[in-house]
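Data first, discussion second: the structure below is written as structure tokens.
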Amino acid sequence: MNIGGKPYRTLWELPGADGIEVIDQRVLPHRFATAVLRTAEDVAVAIREMYVRGAPLIGAAAGYGVYFAARSAAADGVATEVDRAAGLLAAARPTAVNLQWAIRFVLDQVHRGRTADDRRRLALAAARQIVADELDRSRRIGEHGLQLIRDVAARKGEVNVLTHCNAGWLACVDYGTATAPVYAAHEAGIPVHVWVDETRPRNQGAALTAFELGEHGVRHTVVADNAGGHLMQRGMVDLAIVGADRVAANGDTANKIGTYLKALAAHDTGVPFYVALPSSTVDWSLADGAGIPIEERSADEVRYIDGLGPRGPERVRLLPESSPAANPAFDVTPARLVTAFVTEHGVFPPTELRRRVQGR
Ligand code: MRU
């Protein structure tokens, strides 16, 4: 998607696969900067500190992290070095299952190799494949989700979509998950407008979704997180589309904190509530959402807010100095509140998840 009229992806290889360059999402929307990552340690820091974030993107970055470990290991130590790096990368963030999924995917390939060179070559090929596959999955999510937006447009003209957090192209390699149908509709000339939840405390909606939609020319309005129920009651939302960080086998969906409240409001007001995800976000090992680990992030993300002041970037404290704060970063929306999943395999209700994705 475009930034300043120029097409970008969130991650690209340096010449000779000597490293990757990523968009540093910590400084958006006020500044555009990139960061170069050349080691598994660099990638782990970038994931933990959220230079890169969003389930598909952290998986794609982690794939390269495993490759970097294979590349820099001594010839007789590739297998042990990739295992060490895998542990480091997997510990960077707990909730998005794409991270573990991607690490396992690259490890499985590496361990098939017989020589050190073989293992390095297989690791790079696997990391590249994750990127290519995520791109393709996002593109197909967009194609399938487009029909949902088209159907509303045919009935009433402009379509109002509500989204939470950033499940846009910045959270993926390109296109996004929740935003992929929006971009597809925009490209198809369908009038679409997005209500963007600001998404406290990290403000991924206000900082990232608003930025990427704006740069790509999609009409949008940022609203406080608490506004969603009101907008739905007043008929100002035609459909809600959110992303996912981990979906259990029964369809229970972990996503950014606050998603559950939006699903409840959508249920009460009869607004269809869609979850857009690639199949790499499904955790088949979990029967339901109760076992999904919920990341508890620093309370400072609640205590302080970052913004742009007259002299540049500023951080200000919001709370009384002595007030404790807590920061659960994700919640689980029960499958019964999800109208349908929008995946690379099509659009279907949660009860169809296994059959449509695994074919059984
Ligand atoms: O903590 P983040 O910003 O990495 O979380 C990402 C989300 O929760 C998004 O809502 C998104 O839907 C999942 S990634 C497409």
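Read-outs: derived from the displayed coordinates by stated rules, not from any lab. As the structure is a computational prediction, the values presented were derived from the model and not from experiment. When we count neighbours, we look across all protein chains shown, and the Cβ atoms used for this are built from the backbone with ideal geometry, even at glycine.
Please check: in the Gaussian network model of the chain (C-alpha springs, under 10 Å), which one of ALA227, ALA74, ALA102 has the largest mean-square fluctuation.
Highest fluctuation among the options: ALA74.
Which whole-number value in Å³ per residue fits the convex hull of the alpha carbons of region 2-134?
Spread over its residues, the Cα hull of region 2-134 gives 92 Å³ apiece.
Over the chain, with a Gaussian network built from C-alpha contacts below 10 Å, which listed residue (VAL223, VAL43, VAL182) shows the highest mean-square fluctuation?
VAL223
Once amide H atoms are built 1.01 Å from N in the peptide plane, which residues 5 or more positions from ASP252, or in another chain, come under 5 Å H to H?
GLY289, ALA335
In region 143-358, what percentage of the DSSP-assigned beta bridges are antiparallel, given to the nearest 5?
For region 143-358, the DSSP antiparallel bridge percentage is about 45.
So if we plug the beta-carbon distance of ASP83 and ARG31 into 1/(1 + (r/R0)^6) with R0 = 56 Å, what FRET efficiency do we get, rounded to 0.05?
0.90
What is the diffusion coefficient of region 143-358 in µm²/s, taking the Kirkwood radius over Cα pairs and the Stokes-Einstein relation at 37 °C with a viscosity of 0.692 mPa s?
Details: Rh = 17.7 Å.
Result for D is 186 µm²/s.
In degrees from 0 to 90, rounded to the nearest 10, what is the angle of the helix 259-269 Cα long axis to the longest principal axis of the chain?
So the helix axis and the longest Cα principal axis differ by about 30 degrees.
Explain nothing, just the number: dipole magnitude of the chain about its Cα centre with +1 on each Lys and Arg Cβ and -1 on each Asp and Glu Cβ, in debye rounded to the nearest 20.
Charge dipole of the chain: 340 debye, to the nearest 20.
Once phi is turned into ³J(HN,Hα) by the Karplus curve 6.51 cos²θ - 1.76 cosθ + 1.60 with θ = phi - 60°, what whole-Hz value does each residue of region 309-319 show in order, with x for glycine and proline?
Listing the rounded values in order: x, x, 9, x, x, 9, 10, 10, 8, 9, 9 Hz.
Could you put SER280, SER323 in order, starting from the residue whose Cβ has the fewest other Cβ atoms within 10 Å? Kindly include the intermediate steps, with their values, before the conclusion.
Values: SER280 21, SER323 10.
In increasing order of surrounding Cβ atoms, one gets SER323, SER280.
Just to confirm the filter: which chymotrypsin sites (Phe, Trp or Tyr not before Pro) across region 255-360 are DSSP coil and have at most 15 other Cβ within 10 angstrom of their Cβ?
Filter output for region 255-360: TRP284.
With θ set to phi - 60° and the Karplus curve 6.51 cos²θ - 1.76 cosθ + 1.60, what are the ³J(HN,Hα) couplings of region 196-202 in order, to the nearest whole Hz, using x for Gly and Pro?
Calculated HN-Hα couplings, in order: 9, 5, 5, 6, 4, x, 8 Hz.
Rounded to the nearest 500 deg cm²/dmol, what is the calculated helix-only ellipticity per residue at 222 nm for the chain, with -39500 (n - 2.57) per DSSP H run of length n ≥ 4?
Calculated from helices alone, the mean residue ellipticity at 222 nm is -12000 deg cm²/dmol.
Ranking ASP252, ASP306, ASP76 by Cβ neighbours within 10 Å, fewest first, what do you get?
Fewest-to-most ranking of ASP252, ASP306, ASP76: ASP76, ASP306, ASP252.
³J(HN,Hα) across region 131-139 via Karplus (A = 6.51, B = -1.76, C = 1.60, θ = phi - 60°), whole Hz, x for Gly/Pro?
After applying 6.51 cos²θ - 1.76 cosθ + 1.60, I find 4, 5, 5, 5, 4, 5, 5, 4, 4 Hz.
Take ALA224 and GLN147, extend 7 Å from each Cα along the Cα→Cβ direction, and tell me the distance between the two endpoints in nm.
4.0
For region 2-134, with only Lys/Arg (+1) and Asp/Glu (-1) charged at the beta-carbon, what is the dipole magnitude about the Cα centre, in debye rounded to 20?
In debye, rounded to 20, region 2-134 gives about 220.
Please give, to one decimal in nm, the separation of the simple spin-label points placed at ALA290 and ALA75, each 7 Å out from Cα toward the Cβ.
5.4
Principal axes first, then extents: for the Cα atoms of the chain, list largest minus smallest coordinate on each axis, whole Å, largest first.
The principal-axis extents, from largest down, are 65, 55, 42 Å.
Principal axis extents for region 255-360, Cα atoms only, whole Å, descending order, please.
If we take the Cα atoms of region 255-360, the spans are 56, 28, 28 Å.
For the residues LEU146, LEU99, what sequence is obtained by ranking on other C-beta atoms within 10 Å, fewest first?
Ascending Cβ contact count within 10 Å gives the list LEU146, LEU99.
Taking only Cα atoms and a 10 Å spring cutoff, compute GNM fluctuations for the chain and point out the largest among GLY63, GLY307, GLY176.
Among GLY63, GLY307, GLY176, the largest mean-square fluctuation in the Gaussian network model of the chain belongs to GLY307.
Can you find, among ILE130, TYR64, GLY77, the residue farthest towards the positive end of the dipole of region 2-134? Put +1 on the C-beta of Lys and Arg, -1 on that of Asp and Glu.
Going by the Cα projections, it comes out as ILE130.
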